[in-house]
Amino acid sequence: MPNNNHGDQSGDNSLNVGVGDFRGANVNISHNERSTFTPEQLHIKRHSAFGGRSVDSSNVSVFGGITGVASLIGLYFTLFQPPLGGQSSWSTFFMFSFIVAVMAVAMSAVLRRRKFEHFFGSRHYIEISQAGRLRVNRLTAQCPWCGSLMHLRRVGPKEGARDDQFICVRNPAQHTIQLDPTVLPDIED
Ligand SMILES: [Zn+2]
């Protein structure tokens, strides 16, 4: 079959879908053209949670490893020892601590790569400093359109892609900026 390019593929600033194929066609999605700002223009500020306390990320992996091994040993004895009563609650406890351990190890591995991850609630983010320490921060900015305060929030559908966006307190519907966490300055200890 010859590669004929069917359909009308002219147009501008809108999504153009040809009938045949996309060869030689431009696909433009107009709302992708967002204005970008530098962190200096946005006056991004970090606000540390937990009084600025930090944890060494290698401690988190070590903690995860120890907890994981301990919970596996515990689970083994709970499952294979003669029943003494209360057995099922112990195995639930060990399973739970094993899951916590796996999460701690996975989380510190992800963080060392990404340096920035949503933590809990809609506003708290966990970040890793230059020295590899974990900190929990909230981030705010100044709205470049109206000068109001903006909060960084994790927004999006419960299931599906979610975004970290600075949202203006005065015009939350229109004044939003998607954050690229790689532009944030490093945290110095
Ligand atoms: Zn605004």
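The values are calculated or read from the model by the stated rules, or taken from the named source; none is laboratory data. Keep in mind it's a predicted model, so treat the numbers as computed, not measured. We place every Cβ from the backbone using ideal geometry, glycine too, and count neighbours over all the protein chains shown. Calculation scope for accessible area: heavy atoms of the full protein, side chains included, ligands and nucleic acids excluded. Shrake-Rupley method; radii C 1.70, N 1.55, O 1.52, S 1.80 Å.
With a Förster radius of 30 Å, plug the Cβ-Cβ distance of PHE96 and ARG46 into 1/(1 + (r/R0)^6) and report the FRET value to the nearest 0.05.
E between PHE96 and ARG46, to the nearest 0.05, is 0.40.
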When the solvent-accessible surface of protein heavy atoms is calculated with a 1.4 angstrom probe, in what order do ARG154, ARG112 fall, highest first?
ARG112, ARG154
Hey, with R₀ at 22 Å, roughly what FRET efficiency would SER58 and GLU188 work out to, going by the Cβ-Cβ distance, to 0.05?
0.75
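What's the ranking of 65-76, 177-188 by average number of surrounding C-beta atoms within 10 Å, highest first? Walk me through the intermediate numbers first.
Numbers: 65-76: 15.1, 177-188: 13.2.
My ranking of the peptides, most packed first, is 65-76, 177-188.
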For GLN178 paired with PHE77, estimate the spin-label separation in nm (one decimal), with each label point 7 Å from Cα along the Cα-to-Cβ line.
5.2
